[in-house]
1. Mind checking whether some residue in the stretch 7-16 is more than 18 Å from the chain's Cα centre (by Cα), outside the structural domain of residue 202 (by TED's automatic domain parsing), buried (at least 17 other Cβ atoms within 10 Å of the Cβ) and of a type in the set (Lys, Arg)?
2. For the stretch 125-144, state whether one or more residues are within 13 Å of the chain's Cα centre (by Cα) and not in a helix (DSSP H, G or I).
3. Can you report the number of residues in the stretch 97-112 which are touching a strand residue (DSSP E or B) at 6+ places or on another chain (Cβ under 6 Å) and among the acidic types (Asp, Glu)?
4. Does the stretch 166-186 hold any residues that are touching a residue at least 12 places away in the same chain (Cβ under 8 Å), under 20 Å from the mean Cα position of the chain (by Cα) and either crowded, with 18+ Cβ neighbours inside 10 Å or in a loop (DSSP other than H, G, I, E, B) (or both), and which are they?
5. Scan the stretch 1-56 for residues that are assigned to a strand (DSSP E or B) and among the polar types (S, T, N, Q) and report the count.
6. Output the number of the condition that residue 86 fails; it satisfies all remaining conditions of (1) part of a helix (DSSP H, G or I); (2) modelled with pLDDT of 90 or more; (3) surrounded by 14 or more Cβ atoms within 10 Å (Cβ to Cβ).
7. Return the residue satisfying two criteria in turn: it lies in the stretch 149-161 and is touching a residue at least 40 places away in the same chain (Cβ under 8 Å) and in a strand (DSSP E or B), and of such residues it is surrounded by the most Cβ atoms within 10 Å (Cβ to Cβ).
8. For the stretch 30-48, how many residues meet the condition of being touching a Ser or Thr at 6+ places or on another chain (Cβ under 9 Å) and within 17 Å of residue 12 (Cβ to Cβ)?
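The values are calculated or read from the model by the stated rules, or taken from the named source; none is laboratory data. Model, not experiment: these values are computed from the prediction. Cβ: placed from backbone, ideal geometry, glycine included. Neighbour counts: every protein chain shown.
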Amino acid sequence: MKVLVAEDDRNIRSGLVEILESEGYETLAAENGSKALEIYHRESPDFICLDIMMPGADGYEVCREIRRIDADVPIIFISAKSEEVDKVLGLELGADDFILKPFGVREVLARIRAVTRRCMARDRHASDHKPFRMGDLEVLPSELRARRGEDALDLSLRDVKVLRLLHRLQGQAVDRTTLFADCWGQWHVANSRTLDQHISQLRKRIEIDPKQPKIILTVHGVGYRYDG
């Protein structure tokens, strides 16, 4: 899933890109409104994080142009403008959400996941969005969640990719290179520490006993496996 991040502050832009990429999104970064429109027309992102006060064309102008072409692509305004009239204008222009600066990582993640769920809900019958079971765990890709009985467990986009790959290759040892290529993308350099840390955190959420996992098994010297 591709996300366009349009923000003129380099530190905030790189921070948003880091948050999104850690979740498993492909990012497209723009430092001003004109560049954002150029990237939008060329890349057709799945949703957009849009600052309001930018050179070239402000966020309102960018939103108007995008909505003229596409009424459905989700847009999140991220801005230091805190007046109610600014929020109202943004929502009236067709924005799906409005995040105020300064913001916390958890807030951004919650709102991005909510938008992602809406994106997936429009295409919930796609093969990648169909639910699947791993032992007593039901994975619901279109909801970015898993369920064990009555308990709902939040997942990131990358968590879903990892679980789907292991489920698809059930019984096979999936090596680290394959996991990185499929779940991180070819633009990431394979890093065993990054992968192992991610698996460790994922186990804490989905395993009944993370120290004795039943879903994601370690294959020493190779990678990981799901046996069913």
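1. no
2. Checked the stretch 125-144: at least one residue is within 13 Å of the chain's Cα centre (by Cα) and not in a helix (DSSP H, G or I).
3. Final tally of qualifying residues: 1.
4. 166, 179, 180, 183, 184, 185
5. Adding up the residues that qualify gives 1.
6. Of everything listed in (1) part of a helix (DSSP H, G or I); (2) modelled with pLDDT of 90 or more; (3) surrounded by 14 or more Cβ atoms within 10 Å (Cβ to Cβ), residue 86 misses just condition (2).
7. 153
8. Qualifying residue count for the region: 0.
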